[in-house]
1. I'd like the distance separating the alpha-carbon centroids of segment 246-264 and segment 28-103, in whole Å.
2. Any of Lys274/Lys332; Lys69/Lys303; Lys308/Lys332; Lys62/Lys126; Lys151/Lys332 with alpha carbons more than 29 Å apart? Name them for me.
3. Subtract the Cα-Cα distance of Arg141 and Asp39 from 0.36 nm times their separation in residues, and report this length gain in nm to one decimal.
4. Which ordering of Val338, Val280, Val94 is given by a fewest-first count of other beta-carbon atoms within 10 Å?
5. Need the list of aspartates and glutamates near Lys31 for cross-linking: C-alpha distance under 19 angstrom, and skip anything on the same chain fewer than eight residues off.
6. So for each of 215-222, 312-319, 186-193 I average, over its residues, the number of other beta carbons within 10 Å; can you give me the resulting order with the highest mean first?
7. Just order 112-120, 176-184 by mean Cβ neighbour count inside 10 Å, highest at the front, would you?
Amino acid sequence: MFLPVKRWFAVAFLASAIAISQKAYAADNWKIIKVRGSDYLSVDNISQFYGLPAGMAASGEKVEFETVKNPLEFVSGSREVMINGARSWLCFPVIEQDGKYLVSRTDVAKTIEPLVRPHRVQNVGKVQTVVLDPGHGGYDRGQVSRFGYEKDFALDVARKLRPLLQAKGLRVIMTRESDYFVPLEVRAQIANAARDSIFVSIHFNATNDDPNATGFEIFSFTPRGAPSTSDSAVAPSALSTQPGSTVDAQSMALSACIYHSLLGHLPEFDRGIKRARFAVLRLTKVPAVLIEGGFLTEKGECKLIAQKDWRARLAHAIGVGIESYRALGIKKQPPLLVADYRKQIKSSPTDFVVPDAELKEADTSLMELVGKSKFLPAQQTSTPRASLESAPIVP
């Protein structure tokens, strides 16, 4: 279709004006607000910069996918935030000053930017090898349910995921092929030795605090100078001594791609994109994430995890997320979001799963779980994971 000359010039001029305006805004219109020596940016400023409507929920208000109307939904006095339909956790809580809601400059750079524009992250999507890390193994059983051990469920998911990735032309390395223990620092070394690799550690969750806790969550390494999601109170002097990561943004982009696929394919409770200093994340020099695929301490969810068909669906969702991350570097376009996946599945159900009576029962149980699910606040850890934290720092 050809546009009339005058109209063509008008459209071209408008597009040029928008581009110039955005560039000028990006360069000049960040309005930094100092609070007790730290840099903050207002929610309005963030909303204007990204061109995304932002909402503000009252402190303590429950924010859910079905009720959120804005791409950015913050919670006053909290680290919780909904970004493009998925929960995430800021490093620092949103504060209010002089009638304005303020977000830490660290979070704008380290959390919001890679989640809103993962396709703009430098060197994003450069993947030749995927290192799959089934958690635990051997004498380290991980969490235990009445249906089995975490180590076995994690290994099965990795085994199901491997051929899916290989079919996409990716090289896959497993940190363990069967039931034996691999030291945490060795798992990281395997990833670091592989060219253009990403590291995906697969686990299942547990808690001693809430037997009804359910849902997915995903972790990447905590930025330098910031607390982890589970930290309730950390002295600033302690934060300054913590290491950072040169691939922090890539890891967050990987988290976003996998997590949106997980929530989009499986109607699990959304616990969020989080930060931690687990040893396998701290020691890994390539983009790395740790997935918690549900709770073995919740009687309904542990039954789901024990079903091989459900684990196949989990593996498929992780695989789609990894492929979505790889596509960022090729297409340079935003990845699919939770809502996009759910629309796709509603119109064209996935064909790799053969529905049977057991799986239908699992789906029914899962929907019931989502309806009554609870999640632990950011300041609480889901499970004491000493083994994940305890590996020595190696050169």
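None of the figures in this text is laboratory data; all of them are computed from the coordinates on show. The structure displayed is predicted, hence computed values, not measured ones. Neighbour counts are summed over all protein chains in view; Cβ atoms, including those assigned to glycine, are modelled from backbone coordinates with ideal geometry.
1. Going from one Cα centre to the other spans 20 Å.
2. Over 29 Å apart, Cα to Cα: Lys69/Lys303; Lys308/Lys332; Lys62/Lys126; Lys151/Lys332.
3. 32.3 nm is the gain from fully extending Arg141 to Asp39.
4. Lowest to highest Cβ neighbour count: Val338, Val94, Val280.
5. Asp39, Asp44, Glu96, Asp98, Asp107, Glu113
6. Peptide ranking by packing, descending: 215-222, 312-319, 186-193.
7. Working: 112-120: 19.9, 176-184: 15.6.
Packing order, densest peptide first, comes out as 112-120, 176-184.
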